[in-house]
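**Student:** This is the structure I have questions about; it appears just below.
The values are calculated or read from the model by the stated rules, or taken from the named source; none is laboratory data. Fair warning: this is a prediction, and the values are worked out from it, not measured in the lab. Positions of Cβ are generated from backbone atoms using ideal geometry, with glycine treated the same way; all protein chains shown enter the neighbour counts. Accessible surface areas use protein heavy atoms only, side chains included; no ligands, DNA or RNA. Shrake-Rupley method; radii C 1.70, N 1.55, O 1.52, S 1.80 Å.
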Amino acid sequence: MKYKYTILPFRFDHFNKEEYLLTNDVGEYIFLSNKDFEKFINYELDMKSDLFYDLASKQIATSDKIEDVVAMLATKFRTKKSILRDFTSLHMVVPTLRCNSSCIYCQVKRHESSDHSADMTKKTAKNIVKCIFEGPSPYIKIEFQGGDPSTDFEMVKYIIEEAEWQNLFKKRELGFVICTNLTLLTPEMVKYLKKHKCDISTSLDGPKDLHDTNRPLQDKNLDHHEIFEKNVKMVRDIWGDDDCVSALMTTSKYSLGRYKEIIDEYIRLGFNNIFLRSLNPYGFAKEYKEKVSYPIEEFVENFKEGLDYIIEMNKKGKFFVEGFAALLLKRILTPFATGFVDLQSPAGVGIAGAIYDYDGSVYVADEGRMLARFKNYYFKLGNVNENTFQEMFNGNQLHEIIENSCNECLPGCADCVFQPYCGADPVRNYSVQGDVVGHRPTNEMCIKTKAIIHYLMEKLHEGDPETINIFWSWIK
Amino acid sequence: MKELKIPIFELSNNSFKLVVDTNIYSKEALNATCYKYTDKYFIYQKSADNPNEIDVIFETKSEVVVNEDTVKSFCNDLIDQQVRFDVNNRFGHIRDLIVEEAFKPVNK
């Protein structure tokens with residue numbers, strides 16, 4: 001029997017009682033009523049109907065020469081996967097494990113401010129920079145993490161200047177970021193960071209009582225939130241740009257039910273975006289799960305409320321972005337590639353970002369380093385003082401991890417309707433479920449991501465023009 | 001021999017038998033699942049009387065005593081391993097192409 005049209009590969013699922021959602025490998029999507037879905041798969045759709053034209057425009061069906069449509073799909077697929085073109089560009093460096101905070105969900109075993117046993121040596125720093133520049137990427141972003149890197153600012157300066165020196169010869173697009181709680185930054189430090197174009201990333205968990213509960217300073221006499229607020233202003237005054245400092249929030253058990261207050265606090269302090277982030281199950285957050293964690297379903301409900309609040313605020317004229325939604329919307333609404341180490345396919349671990357510990361050990365991701373603090377070295381690629389770049393970044397270990405992190409070929413992901421928008425997190429799978437592949441039916445990251453994508457799809461399907469315009473305004 | 005749930009059989013206090021249908025589960029999936037349980041239990045596979053079945057024997061290895069739930073968990077894990085095997089057969093070639101692309105910059 002000759003069919004009137006050709007059905008191209010697509011994934012599908014019930015979206016609600018009346019409709020199916022269909023997606024394809026390049027992220028195109030369409031909603032079909034149950035009746036239309038049946039007609040479609042039984043080759044009974046009218047090829048002159050608007051619905052068929054829609055399906056054809058999304059390359060889910062075609063009445064044209066199939067080779068032409070496949071060529072178009074291949075081009076779109078290459079674009080979506082163009083994040084793989086350059087290899088690792090994000091290099092996270094830990095100059096020290098010293099920190100003056102004692103966050104309740106700390107993911108590393110921080111050291112006291114006076115304990116110098118986990119400070120990086122200049123020899124290791126030099127080898128790290130050498131290793132970074134051996135990578136092929138034309139873009140290099142060196143991100144200082146900790147501990148709090150400002151506790152060893154001399155080492156931060158040493159690495160910045162060593163990288164700038166190397167770059168005189170290598171000529172890459174070089175940038176820096178320092179992740180700090182801001183409390184130890186002085187005007188001199190900030191002027192240095194500005195001069196060397198080192199962006200500042202910080203943490204803000206919400207209003208004073210919440211921030212101080214989640215992120216108390218070790219010196220109980222100091223008021224973290226007050227110092228934070230003062231120093232945000234100082235940084236912005238010196239920089240002359242309110243966007244020079246970005247903030248990241250973490251949701252602890254104490255944050256639930258308080259997203260509106262958290263969002264209001266971000267706005268009060270002059271931020272124009274927030275990334276509503278759930279707790280990562282590493283370090284203290286795993287060890288003291290009962291104290292700080294919560295069922296993922298509660299996070300999802302809070303996320304939805306927070307997102308609705310932000311949308312309403314945008315409708316009233318205040319431009320404010322929710323970062324996770326913006327990332328997913330870019331994947332849903334545009335053909336462009338979006339790298340996000342924690343949620344891409346293959347996972348970004350090692351091939352998009354890597355972390356260099358104070359002793360020169362190289363891990364595929366920050367979370368891999370955190371597992372190592374608890375004596376698990378599965379995600380360690382080697383050490384810059386002992387191994388070559390090729391041994392670490394093109395070795396069997398990284399190949400094996402990446403092979404197991406393509407959601408095109410993971411159980412539960414391969415045929416998931418949200419697969420083109422999602423990704424894999426082998427470190428989290430390993431940490432929580434015992435192996436890098438993981439088990440989707442009980443996987444919290446899967447439950448969370450699917451619920452949030454579904455909610456965004458509901459918004460898109462509702463088609464409120466104001467909401468859609470807001471979504472587009474969030475996509476850079 | 002007490003039959004608990006088809007096809008799980010309690011052989012003795014510290015020993016159970018599961019009958020696996022090889023029309024449904026591949027040898028690869030079965031081996032992978034057995035391997036997963038070898039840290040806590042003694043596992044043995046043997047051909048059953050029916051040529052389309054394999055008997056898997058579970059025996060207590062140390063302080064972790066084998067029980068009905070152990071075998072039921074094994075059944076769930078067997079499904080997981082079979083899905084991994086099937087997905088790899090269906091989509092492994094796509095994964096290989098993507099991984100090759102991912103490492104191309106460092107293979108030049």
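**Student:** Indicate the gyration tensor shape class of the stretch A:297-346 (rounded, prolate or oblate), computed on the Cα atoms with a ≥ b ≥ c the square roots of the eigenvalues: a/c under 1.5 is rounded; otherwise a/b larger than b/c is prolate and the rest oblate.
**Tutor:** In terms of gyration-tensor shape, oblate.
**Student:** Continuing with the same structure: Provide the FRET efficiency to the nearest 0.05 for the B:S47-A:K289 pair, computing r from the beta carbons and using R0 = 56 Å.
**Tutor:** The pair B:S47/A:K289 has a calculated efficiency of 0.80.
**Student:** Rounded, prolate or oblate: which fits the stretch B:17-94 when a ≥ b ≥ c are the square roots of the eigenvalues of the alpha-carbon gyration tensor, with rounded for a/c under 1.5 and prolate only if a/b beats b/c? Walk me through the intermediate numbers first.
**Tutor:** On the way: a/c = 2.46, a/b = 1.48, b/c = 1.67.
Verdict is oblate for the stretch B:17-94.
**Student:** At A:T79 and B:T22, where each label point lies 7 Å from the Cα along Cα→Cβ, what is the point-to-point distance in nanometres?
**Tutor:** Result for the modelled spin labels: 5.0 nm.
**Student:** Another question about this same structure. Quick check: residue separation of A:Y3 and A:E134 times 0.36 nm, minus the Cα distance between them. What number comes out in nm?
**Tutor:** 41.7 nm
**Student:** What is the percent of Cα-Cα separations in the stretch A:76-150 that go past 16 Å?
**Tutor:** 60 percent
**Student:** Continuing with the same structure: Given the Cα-Cα distance of A:S33 and A:K122 and 0.36 nm per residue of separation, how much length would full extension add, in nm?
**Tutor:** The span from A:S33 to A:K122 would gain 25.7 nm if fully extended.
**Student:** Hey, what D do you get for the stretch A:1-101 in µm²/s if you plug the Kirkwood alpha-carbon radius into Stokes-Einstein at 20 °C and 1.002 mPa s?
**Tutor:** 131 µm²/s
**Student:** About its Cα centre, what dipole magnitude does the stretch A:424-464 give when the only charges are +1 on Lys and Arg Cβ and -1 on Asp and Glu Cβ, stated in debye to the nearest 20?
**Tutor:** Details: 5 positive and 6 negative charges, 27 e Å.
Computed charge dipole of the stretch A:424-464: roughly 120 debye.
**Student:** For the pair A:K109 and A:M234, what calculated FRET efficiency results from E = 1/(1 + (r/R0)^6), where r is the Cβ-Cβ distance and R0 = 30 Å, to the nearest 0.05?
**Tutor:** Approximately 0.50, to the nearest 0.05.
**Student:** If you fit an axis through the alpha-carbon atoms of helix A:323-333 and take the longest principal axis of the Cα set of chain A, what angle between them do you get, 0 to 90°, nearest 10?
**Tutor:** Helix A:323-333 sits roughly 30 degrees off the main axis of chain A.
**Student:** What's the center-to-center distance, using Cα atoms, between the stretch A:1-64 and the stretch A:294-357 in Å?
**Tutor:** Between the Cα centres of the stretch A:1-64 and the stretch A:294-357 lies a distance of 28 Å.
**Student:** Let's see if you can work this out: charge +1 on each Lys and Arg Cβ, -1 on each Asp and Glu Cβ, no other charges. What is the dipole magnitude of the protein assembly as shown about its Cα centre, in debye to the nearest 20? All intermediate terms of the calculation are to be shown ahead of the outcome.
**Tutor:** Details: 74 positive and 88 negative charges, 241 e Å.
Around 1160 debye, computed over the protein assembly as shown.
**Student:** For the stretch A:431-445, just list the computed ³J(HN,Hα) in residue order, Karplus coefficients 6.51, -1.76 and 1.60, θ = phi - 60°, integers in Hz, with x standing in for Gly and Pro.
**Tutor:** 5, 9, 10, x, 8, 5, 6, x, 10, 4, x, 10, 8, 5, 5
**Student:** Quick check: from the Cα gyration tensor, does the stretch A:317-476 come out rounded (a/c under 1.5), prolate or oblate?
**Tutor:** Prolate shape, in that a/c is at least 1.5 and a/b is the bigger ratio.
**Student:** Evaluate the distance, in nm, between pseudo-label points positioned 7 Å from the Cα of B:D39 and of A:E154 along their respective Cα→Cβ axes.
**Tutor:** 4.4 nm
**Student:** B plus A alone minus the pair: what accessible area, both sides summed, probe 1.4 Å, in Å² to 100?
**Tutor:** Chains B and A together bury roughly 1800 Å² of accessible area.
**Student:** For the protein assembly as shown, with all protein chains present and a 1.4 Å probe, just round the carbon and sulfur fraction of the accessible area to a whole percent. Don't skip to the answer; put the middle values down first.
**Tutor:** Numbers: 13590 of 26910 Å².
Of the solvent-accessible surface of the protein assembly as shown, carbon and sulfur hold 51 percent.
**Student:** For A:I227 and A:H454, what is the calculated FRET efficiency with R₀ set at 56 Å and r taken between the beta-carbons, to the nearest 0.05?
**Tutor:** With a Förster radius of 56 Å, E is 0.85.
**Student:** Regarding the protein assembly as shown, what is the average projected area of its C-alpha convex hull, in nm²?
**Tutor:** On the way: hull surface 127.0 nm².
Averaged projected hull area, Cα only: 31.7 nm².
**Student:** Could I ask something else about it? Nearest 20 debye, what's the magnitude of the dipole of the stretch A:247-397 about its Cα centre given +1 on Lys and Arg Cβ and -1 on Asp and Glu Cβ? Walk me through the numbers on the way to the answer.
**Tutor:** On the way: 18 positive and 19 negative charges, 54 e Å.
Using only the charged Cβ atoms, the result is roughly 260 debye.
**Student:** Could you work out how far the C-alpha centroid of the stretch A:246-292 sits from that of the stretch A:113-132, in angstrom?
**Tutor:** When both Cα centres are located, 30 Å separates them.
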